[in-house]
1. Cβ-Cβ under 8 Å, sequence separation 6+ or interchain: first residue in the stretch A:82-107 and within 21 Å of B:Thr65 (Cα to Cα) and of a type in the set (Asp, Glu), partner within 16 Å of ligand 6 (Cβ to nearest atom) and in a loop (DSSP other than H, G, I, E, B). Which pairs?
2. For the stretch B:161-180, which positions are assigned to a loop (DSSP other than H, G, I, E, B) and acidic (Asp, Glu)?
3. If you check C:Leu260, C:Leu288, which single one turns out to be open to solvent by less than 10 Å² (accessible area, probe 1.4 Å) and either closer than 25 Å to C:His214 by Cα or within 12 Å of ligand 1 (Cβ to nearest atom) (or both)?
4. More than 16 Å from ligand 5 (Cβ to nearest atom), away from chain A (no Cβ under 14 Å), on the phi < 0 side of the Ramachandran plot and not acidic (Asp, Glu), is that true of B:Phe144?
5. Under 8 Å between Cβ atoms, at least 6 apart or on separate chains: pull out the pairs that start in the stretch B:155-174 with a residue that is away from chain A (no Cβ under 14 Å) and end on any residue that is loosely packed, with under 15 Cβ neighbours inside 10 Å and aliphatic (A, V, I, L, M).
6. Cβ contacts < 6 Å: first residue among the β-branched types (Val, Ile, Thr), restricted to the stretch C:69-85; second residue open to solvent by 10 Å² or more (accessible area, probe 1.4 Å) and within 12 Å of ligand 1 (Cβ to nearest atom), any location; separation 6+ or different chain. Result?
7. Could you check the stretch A:37-82 and list, in sequence order, the residues that are among the aromatic types (Phe, Trp, Tyr) and within 14 Å of chain B (Cβ to nearest Cβ)?
8. Looking at the stretch B:9-30, I want the residues that are more than 8 Å from chain C (Cβ to nearest Cβ) and have a partner that is acidic (Asp, Glu) with Cβ atoms under 6 Å, at least 6 apart or on another chain. Which pairs are those?
Amino acid sequence: MKEELLVTARGNELIDPSLHIWTWEVAMYLFLGGLTAGVMVFAALMTVLNKDEEAPFAAKRLALLAPLVLSAGMTTLFLDLEHKLFVYRFYTSFQITSPMSWGAWILVVIYPISIMQILSTFRSGYGFFAGFADRMTIGREILDFCERYRRQIAMVAIPFATALGIYTGILLSAFGARPFWNSGVLGPLFLVSGMSTAAALVALIARHHSEKALFTRIDLGLIVVEIALVALFLINLATGTGQQIDALQSVLGGPYTLVFWVLFVGIGLLIPLLLETLEITGVSKKLAMLAPILVLFGGYALRQIMLDAGQESSWTHYDTQYNSELLERLHEENP
Amino acid sequence: MTRFAMVIDTRTCIGCGDCVVACKTENNVPEGLNRDWVVEATSGTYPDLKTEFRSERCNHCSNPTCVTLCPTGASHLWKDTNIVLVEPEKCTGCKACIAACPYDARLVMHPDGYIDKCTFCHHRVEKGMDPACVSSCPTRCMHFGSLDDPSSEVSKLLKTREYKVLSPETGNEPNVYYLL
Amino acid sequence: MKRREFIKLSSAASAGAVVSPALMLGGCVSKPLPGTGTVTSTPTVCDMCFWKCAGDVYKEDGELWKITGNPDDLHSGGRLCTRGTGGPGAYLDRDRLRKPLMRVTVDGRQTFQEVSWDEALQFIATKMQGIADTVGPERMALLHHGAGGHHFLHLLRAFGSDSHAEPAFAQCRGPRDVGFRLTFGESASSPERTDMANARCIVLLGSHIGENLHNGQVQTLAEAINKDATLITVDPRFSVPAGKSKHWLPIKPGTDIALLLGWMNVVIEEELYDKDYVERYTIGFEQLAAHVRQYTPEWVFLETGIRPDVIRETAREMGKAAPATVVHPGRHATWYGDDTQRSRAVAILNTLLGSWNREGGFYIPEKVDMPHYPLPDYPKPKFKTGDAYPDKWPFASQGVTNGVIEASIGDDAFFKGWMVYGTNLPQTIPGAVDKLRAAADSLDLVVVVETMPSEMTGYADVILPECTFLERYDDIRNSGERHPSLALRMPAFEPLHESKPGWWIAKQLGERLGLRHYFPWNDYADKLDWELRQVGSSLEEMQKIGVKNFPRKRPLYFLEGQNVRFFTPSRKIELYSQQLADKGFDPMPVYTPPEPVPSGYYRLNYGRMPAHTFGKTTNNPLLFQLAPENQLWVNPLVANEHGLASGEYVRLASREGAISSKIRVRVTERIGPDSVFMAHGFGHKSKRLRLTAGAGADDSELMTNIKVDPIMGGTGMRGNFVTFVRQPGEGGAA
Ligand SMILES: Nc1nc2c(c(=O)[nH]1)N[C@H]1C(S)=C(S)[C@@H](COP(=O)(O)OP(=O)(O)OC[C@H]3O[C@@H](n4cnc5c(=O)[nH]c(N)nc54)[C@H](O)[C@@H]3O)O[C@H]1N2
Ligand SMILES: Nc1nc2c(c(=O)[nH]1)N[C@H]1C(S)=C(S)[C@@H](COP(=O)(O)OP(=O)(O)OC[C@H]3O[C@@H](n4cnc5c(=O)[nH]c(N)nc54)[C@H](O)[C@@H]3O)O[C@H]1N2
Ligand code: SF4
Ligand code: SF4
Ligand code: SF4
Ligand code: SF4
Ligand code: SF4
Ligand SMILES: [Mo]
């Protein structure tokens, strides 16, 4: 028998009995960040590929969602900070080795690109609102400018949005200290998942049947790729260090097995895969609305499960001699 | 760069936890939180057994991933040493450094919102004193000093005794050593 | 599931911090580094246990900061142990007693009511006077433990009673001290006079130094390990020192006397003993040699489970290192009821090795010759403590706590009043709860002087809140040691709430009893100053330095070939004890096998954990943070059989049917399959101890099979058997 036991009580908040520093706020941020990336990429792609006709929603109106979704994500991220007044400290330095610092600065670039992306199709997509802008000279000039460079803006948006999508994965995989995250597949996986959720979103809210169909097909392809990446991720851990192999157990029999395989793989990937296949092949369209909803749900589930399982994975494995719940008595008025 | 190290003799450590209490009082560590802790590792089958006690804390790594992953520079090195500190006025409480430490040594989420951790008692080191935990240990099994000075006690101990560090595979190059 | 709940709780705690804007702003500014404010220090003598290490209490900007060892204190090596470092918690404990409390009956129900000091003291003085007037002052007994008990002993003696007892005798080192005194004419002292730092071989029987955190013992043992001394630990459990030992002898519990006799057998047969020493200093060697001839290693093996070759090898190691071999006398020696005899065996083995008062064995302790403050003689009491239980334990050299308790039950009981100081009898005297209740019902007066709302306070008529050691003067520390020294305990703070120092309480009572002339000082500082001036120091000096070391006047060890007169009837070290023979006891230790473990039961083993001193520190917020509960150590085989897992809670039932409170299981190889182990001091019932109440279990309440030592009255606590019980709806994580 081997015992590794903490013999002094430890109930450090967020750390014990296992690391649980980040909860839904960060998962939501990662999800919304990925969605933003997908939204921008598709909006840009439709421009670059001249798909105004086939995909009018994606080409002209989708871009507007990016800053809204991203801002919602930033809000949840802000909620996670423990020292909120000091949020501005992200922008008083640039730490070249910290993906989080990169992320903070990428956002600074993403916002203006995204705004320009919106403006470049504002008149065609949101004519009513554009009318207000057109009443001012400056507004008119800006809209003219963006329209003129619509293609160029889209070309710039694609790499930056892709970077944003990959970043949401790298953010986690950079933590060598968390064996579960320590895989190069996480970046591509999160990017593809983000794009898949964006495709699903379009399929869900686009009005034209042909556009819905197009994005259903795109999503189907992305889901297939995502499944491949998930497999790669698992293989990656399974063939990794001892710590990674240990960490993998959390989804292979460990506490996250059920949520990973049922919620994420089953409900988030395989069922939509099936439904979308049925839809495209024309066998059944009854559940057409359901597939994209499940994809969006799967996208969030992926972030939450990765976040939870990854935090708990660790280099240290100590049992505790004490029930650290007893320490709560220190904070109770009348324990 | 001065490399400070802590060298702890597992032959005489009895797992008493004095180092933990001394840290709490010296550094006013908020109630219920710890900057250091003691691990007991027992292997074998009764009556053929071996037990090792280890007083653990931040390793003030030569390659501190907590510092490299901090987005604001709040986690930083003290002066020109390997002592890893956190500047509360730069800390956003994003907790990246907690996740970044393979030793789970970034223990203290201060109730005021910033990260608090073992400082190697730099406020004492500065005055030429040992850290509080080291100078409290009743068995005197803890030693502190500079590895750059070949005549320091820690250098000598590492030269003459067998030792280990925790999970060297992390690549963090920890600077808390355990004599065997 | 469990994890979720914990998160919920802890995030609830943090939510408060996050939403409070004041706190958020508070976090904006870096906190100044420790020690950058105005730092002052006051000397103290630690009272977290009875080892009395000298320390310094540091304040920063007037706030308590920390307590550290006094670097000049040779007794503590300038360092405090875990509990000493946790000393601030004693002062800060929010559950401390605040005001005098008196038992009153309201609407037919008894409760405690806050009263003024004057009222409380007057009530006590009147009752005491009543006892003195009707049955005599000797019927008032003091049950005490710790430094401050002295003030009340003085009060009682002035009052005319010398009836007193402390658990440090019959529940602790009594058998050892009696056994050593019967052999050497002197005890092993407190602090123990072992010369471990210079030993080449150390033998620990039970003594789990390292878990037993008596500072000087820990430090000298560590020194010995650093010097590669041979360590031999005899313990059925893989104790902390067992893990550091060259030889760990996992003995079958209760068979130590057999092993000791076996060692004597080898030491004598193989002529490893110190012939000159034995010849010069002892009587009864021939009888001893004849007596131990029967205890061959082969025979001992059958009793103890220790292999004959190991017995021989360890005996040779001891012989080789002798006289620098310490067979440690132990401290908590009340194990199986034959403890005086076991301690005799330890003393005799040390004698054979020639280690008593020889370098690396034992040293001769020396105190500072400091006169006591001149006071009138005490009146001569008509009865001694022992007269309360005549003919019971002929060699009880001090009051026997359990004897005093039993002599307080019933209308015709010997004792009529108690003063209890610094001892928590319900936990300290195993299986005494019913007797304590009966005694409390019979007694006219029960006064409890306490710092905390301990279980004992529940039996009191009057509870007097003493301030902690950090808020008071006590007597100067002057213990017999390697280096004679004095150390001062002085107040670092004004007493919190309405608590008062023990000396003040004793003086106030004395004055109300017309004994003013026994308390001529206004402040205890006056008394201390007078005493210090007799040895060339002063209170003023001691307030600055805390500790003053004095040169030795006598040698530390016997000189080569020195002739010594021992304080025994024969003036020799008595290997054969005529004294014991005369009273009908075995003159030399005889082995009797322990009661076997009944099937389905496990032997209840217990001991110390480093973080705590008995039950007196478990509510200390600093030490509670370190160790909030005790564990039940269970061998994996046993755990398997009973389906127990680490982290779950069980209760224990003693063979006689007592049921413990819940205790967390730790499945570990460090205990054998015949026993379970827990640290003493937990399972507090007093709800007013808000941190510790209900955390862990109390070994005392499972001790329903006490073996009293017929020689001196010691409470043998190790003959108890327990099994696991799960009550409906319990088990699993709690
Ligand atoms: N931290 C801390 N330290 C303390 C105290 C405290 O409360 N807390 N209290 C102090 C006091 S007052 C005392 S008296 C001492 C007591 O401390 P010790 O004198 O060291 O206590 P023992 O009862 O001799 O030792 C307990 C050990 O005996 C072992 N044991 C049990 N049964 C047997 C047996 O049959 N044979 C043998 N050989 N060993 C056996 C147990 O497994 C355990 O390891 O500790 C002192 N030190
Ligand atoms: N079951 C079992 N029983 C045992 C033992 C065991 O191991 N197991 N060990 C035995 C041994 S070795 C010993 S020495 C005894 C110890 O027995 P005790 O000395 O009775 O030890 P505690 O239970 O800690 O009780 C001490 C009490 O003193 C109070 N106190 C603390 N500081 C002060 C102070 O400054 N002033 C006053 N007035 N009160 C104070 C505390 O609050 C506490 O209630 O127990 C013995 N009994
Ligand atoms: S104080 Fe020393 S002996 Fe005690 S646990 Fe810490 S390092 Fe070990
Ligand atoms: S132990 Fe952890 S917190 Fe300390 S320096 Fe290394 S990585 Fe950073
Ligand atoms: S919590 Fe503070 S110290 Fe840690 S990474 Fe974030 S900003 Fe840096
Ligand atoms: S070095 Fe200082 S801060 Fe670090 S554990 Fe020791 S006492 Fe605490
Ligand atoms: S041994 Fe520890 S608790 Fe006891 S007096 Fe010394 S420092 Fe205090
Ligand atoms: Mo004791």
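1. A:Glu82/B:Tyr114
2. To start, the set of residues in the stretch B:161-180 that are assigned to a loop (DSSP other than H, G, I, E, B) comprises B:161-162, B:165-167, B:171-175, B:180.
Scanning the stretch B:161-180 gives B:Glu162, B:Glu173.
3. C:Leu260
4. Values: more than 16 Å from ligand 5 (Cβ to nearest atom): yes; away from chain A (no Cβ under 14 Å): yes; on the phi < 0 side of the Ramachandran plot: yes; not acidic (Asp, Glu): yes.
Considered against the rule, which asks whether it is more than 16 Å from ligand 5 (Cβ to nearest atom), away from chain A (no Cβ under 14 Å), on the phi < 0 side of the Ramachandran plot and not acidic (Asp, Glu), B:Phe144 comes out as yes.
5. B:Arg161/B:Leu180; B:Glu162/B:Leu180; B:Tyr163/B:Leu180; B:Lys164/B:Leu180
6. C:Thr82/B:Cys16; C:Thr82/C:Pro610
7. Let us first name the residues in the stretch A:37-82 that are among the aromatic types (Phe, Trp, Tyr), namely A:42, A:57, A:78.
Answer for the stretch A:37-82, where residues must be among the aromatic types (Phe, Trp, Tyr) and within 14 Å of chain B (Cβ to nearest Cβ): just A:Phe78.
8. Matching pairs, first to second residue: B:Thr10/B:Glu52; B:Cys19/B:Asp36; B:Cys23/B:Asp36.
The values are calculated or read from the model by the stated rules, or taken from the named source; none is laboratory data. This is a predicted model, so every value here is computed, not measured. Please note: Cβ atoms are built from the backbone with ideal geometry, for glycine as well, and neighbour counts cover all protein chains shown. With ligands, DNA and RNA removed, areas are computed over all heavy atoms of the protein, side chains included. Shrake-Rupley method; radii C 1.70, N 1.55, O 1.52, S 1.80 Å.
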